[in-house]
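Engineer: Sharing a structure here in structure tokens format.
The values are calculated or read from the model by the stated rules, or taken from the named source; none is laboratory data. Note that the coordinates shown come from a computational prediction; the quantities given were computed from them, not determined experimentally. Every residue, glycine as well, gets a Cβ built from its backbone with ideal geometry; the counts of neighbours run over all protein chains shown. When the accessible area is computed, the model is the full protein with side chains, heavy atoms only, and any ligands, DNA or RNA have been set aside. Shrake-Rupley method; radii C 1.70, N 1.55, O 1.52, S 1.80 Å.
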Amino acid sequence: SVENDVTEQYVSSWLKAFAPYVGRPLNEASKASAKPTGLPGTGSLLDDLYKNRKPWGSELKMPTFDGEAMIKDEDMQIEFLERMMDPGCALITNIGKPPGFGHTEAGIPMEEFVGKIIGRLNQHPVRATRFGVIHTQAKGELAGADYDHANPLSMHTDHSVYHGTPGYLQFMYQAQGSVFSKVCDGLAVANYMKEHHPEDYELLTTVQLTHSSRNCIYAKNGAYRRDASDADGASFELVHTHPVLTLDKDGLLEKVVQSETKRGISALPFDVYDRYM
């Protein structure tokens, strides 16, 4: 009956893109473009940006955003996400000051800001907060080698021991003082290796390397043990085996996973061990 009729409206460009996967071919030309296995994967609006990324070096002009303005401007939020795909880094200013500098307070402005523009930060399995705290105060090195400013870390990718990471976004918030941070482009590094050192590139994209970590940095209540007197530690261990340069199904660089302080015992084949190490 007419009262039960339903009318739907769709954007024509979406229908055209979707048709080869779900539509009934009306002629031979249409049959040629039909996909019998269905639509693969989930896809992303950022796929085209990903496939057309341009490598960069010291000439990069860092994309910069005002945090307070971004909260109110959806177009700026979209621009930020696109810039985090290409070139892959950005500077955000004006997101507020923390209520204090303790391990439960220092990162609050960052956490609240990210929650407004993207969503909730990842929860660490052991730590009480969704952010970690790095400082140069006394006993900082007791939280582990990563926090020892007397012996700065070499260039690395964080969370190298987590399967499936590094993740898509990582935020670093300067709560107090100043800092000199360095970033580099993994795509530029991979392209350089592929062009100038093809045999080494082959090793980095195929040989399985292991990163691993076991620690008791945090107490069982989620606080840093350095700040929790006589607290029992919560043991935390992760192991991740992978190529340093991970490629996708099309041979494009998907991610770089490398951290010298987290590199563990690796079952490298005998005939490539010397060349690799």
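Engineer: Does L187 count as assigned to a helix (DSSP H, G or I), within 24 Å of D47 (Cα to Cα) and under 16 Å from the mean Cα position of the chain (by Cα)?
Structural biologist: yes
Engineer: When you look at S30, is it free of Cβ contacts under 8 Å to residues at least 24 places away in the same chain and open to solvent by less than 50 Å² (accessible area, probe 1.4 Å), yes or no?
Structural biologist: So S30 fits the description; yes.
Table: residues versus (1) open to solvent by less than 80 Å² (accessible area, probe 1.4 Å); (2) modelled with pLDDT of 85 or more; (3) at positive phi.
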| position | (1), (2), (3) |
| --- | --- |
| T157 | yes, yes, no |
| G164 | yes, no, yes |
| Q176 | no, yes, no |
| Y192 | no, yes, no |
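Engineer: For residues that are open to solvent by 30 Å² or more (accessible area, probe 1.4 Å) and in contact (Cβ under 8 Å) with a residue 40 or more places away in the chain, tally how many sit in segment 214-225.
Structural biologist: 4
Engineer: Additional query: Applying the selection to segment 76-85, what residues are under 13 Å from the mean Cα position of the chain (by Cα) and under 15 Å from W56 (Cβ atoms)?
Structural biologist: Within segment 76-85, M84, M85 meet the criteria.
Engineer: Free of Cβ contacts under 8 Å to residues at least 24 places away in the same chain and out of contact with any Pro (no Cβ under 7 Å at 6 or more places or on another chain): is that true of R120 in this structure?
Structural biologist: Yes; evaluated as a whole, the condition is true for this residue.
Engineer: Kindly provide the set of residues from segment 55-71 that are assigned to a loop (DSSP other than H, G, I, E, B) and free of Cβ contacts under 8 Å to residues at least 40 places away in the same chain, ordered by number.
Structural biologist: S58, E59, K61, M62, P63 - these are the residues of segment 55-71 that are assigned to a loop (DSSP other than H, G, I, E, B) and free of Cβ contacts under 8 Å to residues at least 40 places away in the same chain.
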